[in-house]
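Trainee: After the structure tokens below, expect a handful of questions from me.
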Amino acid sequence: MKLYLKYDINIIFRKTLENQLDKIGIAYKINGLGEVEFTQPLNPQEVKELTVLLSTYGIKIINDHKTEIVQRIKDTVTEMVNNTTIEKSFKTSVYLSEKLEYSYTYLSSIFSENTYSSIESFVILKRIDRAKSLIIKDRLTLTEVAYTLGYSSVAHLSAQFKKTTGLTPTVFQRIIKQREANK
Amino acid sequence: MNLDALKIVLVDDDEDDRTFFKDAIEEVDIKTNLLLFGNGQEFMDYITLPGQSLPHLVFLDLNMPIKNGIQCLTEIREIPTIKDLLIAIYSTSSSDQDIEDTFIKGANIYINKPNDFKKLKKIIKDVLKLNWQYHTSNLDRESFMLSI
């Protein structure tokens with residue numbers, strides 16, 4: 001017998017984070033993904049303890065300003081791509097600069113300097129990653145995927161999918177089905 | 001700056017191809033540490049040593065004596081400690097059927113071996129950049145596929 005599971009990585013992350021933060025015993029607030037605000041400053045011993053606790057789950061504390069900006073850009077892009085309404089009503093550049101309160105030019109130069117990639121190509125990569133997940137986990141048709149991600153047509157989605165992965169969505173679907181059948 | 005060197009493995013039985021690849025990767029402006037193996041068995045013996053640190057990406061030549069790329073790939077996907085390795089299959093075949101079969105067996109990247117040094121450099125660069133994103137961003141590795 002096989003069970004197919006659907007899960008939300010954000011809920012898992014939030015729960016894991018809360019469980020560890022509770023152990024430190026200082027009141028905190030989670031400001032969206034990847035940012036925690038404490039009501040009083042942590043002493044170095046507490047920071048060290050938290051670093052160790054979080055490292056078990058592959059979570060790292062970022063201090064460096066540029067790395068932090070890059071991380072926040074990635075989180076905001078993720079949030080945007082996962083939310084159809086935002087994706088359809090904002091331009092990436094406008095949304096990012098409003099959310100992070102830096103000019104888009106500044107954000108883009110920091111991002112390119114630190115990731116071998118541009119914000120634009122990261123957005124496409126993320127969007128195609130979501131498309132794959134909608135195909136695999138939510139079992140959506142290509143028409144539904146195109147609509148959810150705000151593509152004007154299936155042809156446009158297919159073209160971007162092919163450009164990013166080298167495969168058409170149809171071939172991708174076939175590979176995933178075969179992989180599941182072979183398990 | 002937080003750009004750590006990528007640990008890369010190439011398994012290829014042809015010495016010229018290994019040299020060609022080594023020269024190309026050295027010219028790409030991404031920091032890498034390259035480890036070379038002459039056949040699949042040699043690599044499998046190395047990677048399954050207890051406590052072995054895992055590379056960020058493994059390039060496997062498809063046609064090799066003793067143990068070929070597909071045999072390695074199939075074994076890797078069945079060994080719990082190394083089953084999540086990102087694997088690029090490096091092959092002279094460009095047939096759609098071969099490409100699809102390789103992905104079904106669990107490859108992440110399929111590279112059609114170029115003859116031209118410039119093309120190889122471009123391919124390595126694109127592959128490494130994308131690979132780097134998969135190691136530093138929250139992207140699904142299981143559905144990571146690239147045919148180039």
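Trainee: Would it be correct to say that B:A24 is farther than 25 Å from A:K183 by Cα and among the small types (G, A, S)?
Mentor: yes
Trainee: Restricting to the stretch B:116-138, count the residues that are in a loop (DSSP other than H, G, I, E, B) and at pLDDT below 85.
Mentor: Residues flagged as in a loop (DSSP other than H, G, I, E, B) and at pLDDT below 85 within the stretch B:116-138 amount to 2.
Trainee: Ok, one more. It is to be established whether one or more residues within the stretch A:124-146 are over 13 Å from the mean Cα position of the chain (by Cα), modelled with pLDDT of 90 or more, β-branched (V, I, T) and in a loop (DSSP other than H, G, I, E, B).
Mentor: Looking for residues that are over 13 Å from the mean Cα position of the chain (by Cα), modelled with pLDDT of 90 or more, β-branched (V, I, T) and in a loop (DSSP other than H, G, I, E, B), one finds at least one in the stretch A:124-146, hence yes.
Trainee: Can you name the residue in the stretch B:103-134 that is of a type in the set (S, T, N, Q) and more than 13 Å from the chain's Cα centre (by Cα) and is also nearest to A:A181 (Cα to Cα) among such residues?
Mentor: The selected residue is B:Q133.
Trainee: Does the stretch B:88-107 hold any residues that are closer than 22 Å to B:D14 by Cα, touching a Ser or Thr at 6+ places or on another chain (Cβ under 8 Å) and either in contact (Cβ under 8 Å) with a residue 40 or more places away in the chain or not acidic (D, E) (or both), and which are they?
Mentor: Correct list: B:I89, B:S91, B:I99, B:T102.
Trainee: Also, quick follow-up: Among the residues of the stretch A:54-67, write down those that are modelled with pLDDT of 85 or more and either surrounded by fewer than 16 Cβ atoms within 10 Å (Cβ to Cβ) or outside any helix (DSSP H, G or I) (or both).
Mentor: Once the filter is applied, which keeps residues that are modelled with pLDDT of 85 or more and either surrounded by fewer than 16 Cβ atoms within 10 Å (Cβ to Cβ) or outside any helix (DSSP H, G or I) (or both), the stretch A:54-67 yields A:S55, A:T56, A:Y57, A:G58, A:I59.
Trainee: Here is a further query. Just checking, does the stretch B:29-52 include any residue being touching a Gly at 6+ places or on another chain (Cβ under 6 Å) and within 14 Å of chain A (Cβ to nearest Cβ)?
Mentor: No, there is no match, as no residue in the stretch B:29-52 is touching a Gly at 6+ places or on another chain (Cβ under 6 Å) and within 14 Å of chain A (Cβ to nearest Cβ).
Trainee: While we're here: Out of all the residues in the stretch B:34-52, is one or more charged (D, E, K, R) and assigned to a helix (DSSP H, G or I)?
Mentor: Yes: one or more hits.
Trainee: Just give me the residues in the stretch A:122-134 being within 13 Å of B:L130 (Cα to Cα) and within 9 Å of another protein chain (Cβ to nearest Cβ), in sequence order.
Mentor: Those that are within 13 Å of B:L130 (Cα to Cα) and within 9 Å of another protein chain (Cβ to nearest Cβ): A:F122, A:L125, A:K126, A:D129.
Trainee: Can you work out which of the residues in the stretch B:117-148 that are more than 11 Å from chain A (Cβ to nearest Cβ) and in contact with a helix residue (DSSP H, G or I) (Cβ under 8 Å, 6 or more places away or on another chain) is surrounded by the most Cβ atoms within 10 Å (Cβ to Cβ)?
Mentor: B:I124
Trainee: Of these, A:V94, A:V70, which one is of a type outside the set (D, E), more than 18 Å from A:F13 (Cα to Cα) and surrounded by 12 or more Cβ atoms within 10 Å (Cβ to Cβ)?
Mentor: On inspection, the qualifying residue turns out to be A:V70.
Trainee: Let me ask something additional. Given (1) assigned to a loop (DSSP other than H, G, I, E, B); (2) crowded, with 19+ Cβ neighbours inside 10 Å; (3) without any contact (Cβ under 8 Å) to a residue 24 or more places away in the chain, identify the lone condition not met by B:L85.
Mentor: (3)
The values are calculated or read from the model by the stated rules, or taken from the named source; none is laboratory data. The model shown is predicted, which means the values in this text are computed figures rather than measured ones. Note that each Cβ is placed from the backbone with ideal geometry, even for glycine, and that neighbours are counted across all protein chains shown.
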